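The values are calculated or read from the model by the stated rules, or taken from the named source; none is laboratory data. None of these values were measured; they are calculated from a predicted model. Using ideal geometry, Cβ is built from the backbone for each residue, glycine included, and neighbour counts are taken over all protein chains shown.
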Amino acid sequence: MKPEPKVINADAGEKEYVQLLGGSPESISMRSGKVVLQPGKTVGKHSTKSNEELLILLEGEGLFMLSDGKHLEMKVGSVLYCPPDTEHDVKNTGSTPLQYIYVVAKAN
């Protein structure tokens, strides 16, 4: 079954997580969600496995922390790309909620 075009409401208020796309049959392989992290909180270390991931920062500021110790600064308007097999975490370093949308798709 071919996925249909759609408009998805990303306004989740202050919910910590809301799924926007859940993969098949909503899309071919793409999954997406909106994350809200309170100050000082992290999303938790995880891996992209065989997926590519894109993060789009909507509000707040934070760090995109890689397992090799490298940290990338995230500010409003930042778009981060994360390649397959990359262990990472996101931390809110600001004083207001950090909000971002992530998009994950199979790399192959």
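One table, with the values for the structure above:
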{"read-out": "Out of GLY40, GLY23, GLY60, sole residue that is small (Gly, Ala, Ser), touching a residue at least 12 places away in the same chain (Cβ under 8 Å) and surrounded by 15 or more Cβ atoms within 10 Å (Cβ to Cβ)", "value": "GLY60"}
{"read-out": "Considering residues of the stretch 1-33 that are in a loop (DSSP other than H, G, I, E, B) and aliphatic (A, V, I, L, M) only, the residue farthest from the chain's Cα centre (by Cα)", "value": "MET1"}
{"read-out": "Output for the stretch 63-99, where each listed residue is in contact with a strand residue (DSSP E or B) (Cβ under 8 Å, 6 or more places away or on another chain), free of Cβ contacts under 8 Å to residues at least 12 places away in the same chain and of a type outside the set (A, V, I, L, M)", "value": "HIS71"}
{"read-out": "VAL36 vs. criteria within 17 Å of PHE64 (Cβ to Cβ), modelled with pLDDT of 85 or more, among the aliphatic types (A, V, I, L, M) and not in a loop (DSSP other than H, G, I, E, B)", "value": "yes"}
{"read-out": "Residue in the stretch 73-107 that is farthest from LEU55 (Cα to Cα), counting only those that are in a strand (DSSP E or B) and over 14 Å from the mean Cα position of the chain (by Cα)", "value": "LYS106"}
